[in-house]
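Down below is the structure, laid out as structure tokens.
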């Protein structure tokens, strides 16, 4: 969605309808990135609310959409990582067996597509945190290398090497999950 | 080109279509010769072919409702406190400027006060000297004393 400067200015002056357009443009990104990083739905919902309330009061510093976009993306990633730390959930590489068992139990009742989705999701959730963030931004949100570098405040070469590692890990994890579940894609 | 370098490039720039033409040609030439790298490429094609976006979920509708309600609440509660509202949204340099201005005015006011006090003291001493001069007929005090002489004495 293209946000004109007028919409942003209207939102700055307190127009909630204009702010809703900003929300509609960026909420899917924030929600999905946070969900993959935090891996907890209710925490993610809280985070999205908190972010968009904070953002409302900081809008005046970002009249240009490009700046606003990078700012929101960075805010989403940072807040998600902070929440992860706060909740003291260590980045365990392997999800608990019960989750896999749950998955197996729903395997019979769901369609093939949704099973494949679950397997991919499980493989992503097993990636180490710093690689997972890069992977999510590139594969799920289609961010460019430059954007990822800006969001994570790292060098573009670091982005490339993390992404390469993430993709290698993903292939390994995908095979592992498929074996655990006994599924051929 | 070594297989290691080719694999690293395949995993990032090649798959994402961000290679310059000469390097892409070099890699393609390598792929024609190397079975291992070709197999590797077929394994990682998942990253360019598979639509990972499908994993994305819709944002629950109630989140916007909650955000909206909280913002409306805050807007109505801040209406009675309009004078403090813009103060918290000054930019960093504006706070610094205000701080410097305050310090300048503070020290300037102290100096002005000191000057006024000094002038008052001088006036008082001069009054006293004038009074002493007018009373005294002593030869030593015949000449009029000024403030400077008084300090020297």
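Any read-out appearing in this document is the output of simple, stated calculations on the displayed coordinates, not a laboratory observation. All of these numbers come straight from a predicted model, not from anything done at the bench. As a convention, Cβ positions derive from the backbone with ideal geometry for all residues, glycine included, and neighbour counts pool all protein chains shown.
When a footprinting reagent is the concern and you count Cβ atoms within 10 Å, what order do A:79, B:1, B:105 take, fewest first? List each step's numbers first, then the result.
Numbers: A:79 21, B:1 13, B:105 10.
Least crowded to most crowded, the residues run B:105, B:1, A:79.
Treat the count of other C-beta atoms within 10 Å as a stand-in for reagent exposure and order A:125, A:42 from fewest to most. Please list the in-between numbers first.
Numbers: A:125 18, A:42 8.
The order, fewest Cβ neighbours first, is A:42, A:125.
Would you mind ranking A:143, A:134, B:34 by Cβ crowding within 10 Å, fewest neighbours first?
Numbers: A:143 21, A:134 28, B:34 16.
Lowest count first: B:34, A:143, A:134.
Multiply the residue separation of residue B:5 and residue B:128 by 0.36 nm, subtract the distance between their alpha-carbon atoms, and state the gained length in nm to one decimal. The partial results should precede the final answer.
Numbers: separation 123, 0.36 × 123 = 44.28 nm, distance 9.68 nm.
Between residue B:5 and residue B:128, full extension yields an extra 34.6 nm.
Under the definition of partner shielding as Cβ atoms of other protein chains within 10 Å of a residue Cβ, what is the mean value for peptide B:54-66? Can you show the working numbers first?
Details: counts 5, 11, 9, 6, 4, 13, 6, 0, 2, 11, 9, 1, 6.
For peptide B:54-66, the averaged partner shielding equals 6.
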